[in-house]
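Here's the structure we're looking at; comments come further down.
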Amino acid sequence: MRSSGVLMHISSLPGEYGIGKMGKQAYDFVDLLAKAKQSCWQILPVSPTSYGDSPYQSFSIHAGNPYFIDFDTLCQEGYLEKEDLEGINWGSDSTSVDYSAVYENTFKVLKKAHKRFRKKTEKGFSKFVISNLDWIYSYGLFMALKDANGGKGWYEWEDGLRMRKQKAIGSAIKKYANEIDFWCFVQYKYYQQWEKLKKYANSKGIRIIGDIPIYVAYDSVEVWEQPELFYLDKDKKPIEVAGCPPDVFSQDGQLWGNPLYRWDYIEKKKFRWWIERIKAASKMYDTIRIDHFRGFESYYCIPYGAKNARKGRWRKGPDMALFKAVGKQLGNVDIIAEDLGFLTKKVTKMLDASGYPGMKVLEFAFGSGADNVYLPHNFQGSNSVCYTGTHDNETILGWIRNADKKTAKHCMQYLGVTKQADVPWAMIKLCWASVSDTAITQMQDLLGLDNKARMNTPSTLGGNWQWRIQSLDVITDSLLTRLRELTVLYGRCPDDEPARAEESSPEGEELSEKPSDSEKQVKDKDKKKTKDKTKDKD
């Protein structure tokens with residue numbers, strides 16, 4: 001079935017606490033998507049961010065980002081008071097995340113909530129911890145030790161903890177019991193809020209497209225706890241790290257620095273670690289986008305300590321053996337393969353064998369001739385996801401302004417426009433008109449924003465992952481109508497009424513469709529708009 005949607009991370013939602021959260025604004029955004037007859041909301045990885053604030057470098061592959069926990073919901077539940085949130089500086093610019101301010105204040109607020117929570121623990125808490133014992137307690141200990149060591153990476157801790165010696169770990173568990181409980185509480189509240197938000201989105205006929213990075217961060221609980229899975233020496237130091245070789249975009253290549261997998265060991269264990277990872281992701285999201293999919297066929301290895309990615313080598317990955325194992329254990333998982341970058345016939349063969357849809361990015365389509373594979377007239381079949389651009393690209397307006405004359409001329413001729421300002425919507429129209437089963441555009445491009453709203457510039461530090469929409473009011477009725485008309489025109493509307501979500505949560509508690517009184521606020525807002533329109537007519 002043909003579908004379409006919008007890419008906007010949770011962090012980019014508006015709100016008064018410095019970063020987007022899973023509260024009223026998230027539910028209102030779902031309503032706007034539904035009003036425009038969209039059926040997909042794509043987000044970036046939701047794991048806790050580490051140094052550099054990238055969602056692709058996280059302390060844990062299973063944990064949710066504490067920054068996204070909605071404080072207003074905690075107030076409604078009695079774990080916070082409004083006074084707890086007064087006088088806090090969350091940053092001076094409502095259109096940009098100040099990660100320093102968010103980091104300094106979020107956990108102070110959450111610790112106040114935890115203190116009240118401990119006085120009367122919810123019944124569902126113990127059940128949550130028990131059902132997630134394979135990761136939750138290790139994560140809690142990891143974060144407690146990280147705090148106790150001033151935020152330093154695990155590889156800088158004292159030897160007993162760094163090497164996870166039994167005596168040192170046992171002592172730490174006793175010493176930091178309250179801190180471990182705090183981090184478990186944080187994850188309990190994160191998942192509780194996430195499950196409600198996802199159910200609400202699904203009830204509106206919208207599926208969540210989530211994102212999992214192929215690699216994990218060196219400073220993560222997974223590498224600390226399971227070093228045998230990674231290409232490390234006896235002291236747990238990386239031997240080689242991940243990245244991309246030099247190309248037309250970067251003379252030095254991309255040095256990501258993530259530890260590489262010991263695929264021979266993982267395969268010997270029947271890919272259990274990866275299967276469990278995908279299984280967990282498939283419960284969180286309706287569709288999983290796997291980043292850097294080509295790395296499963298072969299991956300680029302850079303010597304640890306190198307200053308750039310110029311000197312590296314390719315090594316063979318698990319290829320289809322992994323995805324056959326996933327299919328055998330999990331059945332038909334809805335996966336999108338991020339198949340961008342340096343592709344070979346072997347990578348294409350692996351993608352075809354997997355049956356997963358790849359990505360077609362329209363910003364890559366112009367300037368190199370009519371045979372460019374990203375031009376819609378060259379798409380082979382419908383099993384793909386067409387994007388105007390991704391979080392790693394310039395916004396469409398920024399891109400066309402910076403394009404060389406040849407590329408800009410080709411693009412504008414192909415789109416049939418004469419003004420650069422008309423390119424964003426013409427590109428969206430081209431994306432929606434394509435044969436691809438799914439069409440996705442960034443919120444920045446729907447709004448026609450320039451590169452000041454760019455989400456990420458690869459291989460750079462600072463200034464990334466910060467963009468926020470100023471207010472959901474900028475997503476006007478006329479914009480929603482325009483998007484809805486495109487969606488209907490190109491047959492991307494769901495044919496059936498959305499299936500209603502189940503009435504109860506995993507803990508057996510009743511779920512409200514929205515956080516308390518949100519529905520009333522939305523109705524009041526709509527009434528006000530109607531009155532304003534009546535006044536304008538008068």
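Just give me the residues in the stretch 1-35 being small (Gly, Ala, Ser), farther than 23 Å from Leu489 by Cβ and in contact (Cβ under 8 Å) with a residue 60 or more places away in the chain, in sequence order. Those that are small (Gly, Ala, Ser), farther than 23 Å from Leu489 by Cβ and in contact (Cβ under 8 Å) with a residue 60 or more places away in the chain: Ser11, Ser12, Gly18, Gly20, Gly23, Ala26.
Against the list (1) touching a helix residue (DSSP H, G or I) at 6+ places or on another chain (Cβ under 9 Å); (2) assigned to a helix (DSSP H, G or I), the condition Glu104 fails is (1). Give me the residue from the stretch 366-385 that is in contact (Cβ under 8 Å) with a residue 24 or more places away in the chain and part of a loop (DSSP other than H, G, I, E, B) and, out of that set, nearest to the chain's Cα centre (by Cα). Of everything passing the filter in the stretch 366-385, Asn383 is nearest to the chain's Cα centre (by Cα).
Taking the criterion of being hydrophobic (A, V, I, L, M, F, W, C) and part of a helix (DSSP H, G or I), would at least one residue in the stretch 82-99 satisfy it? Yes, the stretch 82-99 contains a residue that is hydrophobic (A, V, I, L, M, F, W, C) and part of a helix (DSSP H, G or I).
Here is a yes/no grid of residues against (1) at pLDDT below 95; (2) assigned to a loop (DSSP other than H, G, I, E, B); (3) among the acidic types (Asp, Glu):
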{"site": "Asp247", "(1), (2), (3)": "yes, yes, yes"}
{"site": "Ser250", "(1), (2), (3)": "yes, yes, no"}
{"site": "Asp264", "(1), (2), (3)": "no, no, yes"}
{"site": "Ile278", "(1), (2), (3)": "no, no, no"}
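Would you mind stating whether Trp465 is surrounded by fewer than 22 Cβ atoms within 10 Å (Cβ to Cβ), part of a loop (DSSP other than H, G, I, E, B) and not basic (Lys, Arg)? Criteria met by Trp465.
The set of residues from the stretch 328-343 being touching a residue at least 12 places away in the same chain (Cβ under 8 Å), out of contact with any Asp or Glu (no Cβ under 7 Å at 6 or more places or on another chain) and within 19 Å of Trp274 (Cα to Cα) comprises Gln329, Leu330, Val333, Ile335, Ile336, Ala337, Asp339.
For the stretch 160-201, which positions are among the basic types (Lys, Arg), touching a residue at least 40 places away in the same chain (Cβ under 8 Å) and either in contact with a Ser or Thr (Cβ under 6 Å, 6 or more places away or on another chain) or closer than 15 Å to Ala148 by Cβ (or both)? Within the stretch 160-201, just Arg162 meets the criteria. Only residues that are within 28 Å of Leu161 (Cα to Cα) and out of contact with any strand residue (DSSP E or B) (no Cβ under 8 Å at 6 or more places or on another chain) were counted across the stretch 223-262, and they come to 10. Taken as a whole, the structure places Arg277 among residues that are in contact (Cβ under 8 Å) with a residue 12 or more places away in the chain and either within 29 Å of Gln193 (Cα to Cα) or touching a Lys or Arg at 6+ places or on another chain (Cβ under 6 Å) (or both).
Applying a threshold of 7 Å to beta carbon distances and a minimum spacing of six or more residues, or different chains, the list of pairs starting in the stretch 294-319 at a residue that is on the phi > 0 side of the Ramachandran plot and ending at one that is assigned to a helix (DSSP H, G or I) reads Asp319/Phe296; Asp319/Met350. The set of residues from the stretch 406-437 being in contact (Cβ under 8 Å) with a residue 12 or more places away in the chain and either among the polar types (S, T, N, Q) or on the phi > 0 side of the Ramachandran plot (or both) comprises Thr407, Gln420, Ser434, Ser436.
Checking Cys75 against (1) on the phi > 0 side of the Ramachandran plot; (2) part of a helix (DSSP H, G or I), which test does it fail? Unmet condition: (1).
Only one of these is over 22 Å from Arg262 (Cα atoms) and hydrophobic (A, V, I, L, M, F, W, C): Trp194, Trp135. Name it. Spell out how you get there, then give the answer.
Values: Trp135 fails: over 22 Å from Arg262 (Cα atoms).
Testing whether each residue is over 22 Å from Arg262 (Cα atoms) and hydrophobic (A, V, I, L, M, F, W, C) leaves just Trp194.
The values are calculated or read from the model by the stated rules, or taken from the named source; none is laboratory data. Keep in mind that this is a model prediction, so the values were computed, not measured. Don't worry about glycine lacking a Cβ; one is built from the backbone with ideal geometry, like all the others, and counts go over all protein chains shown.
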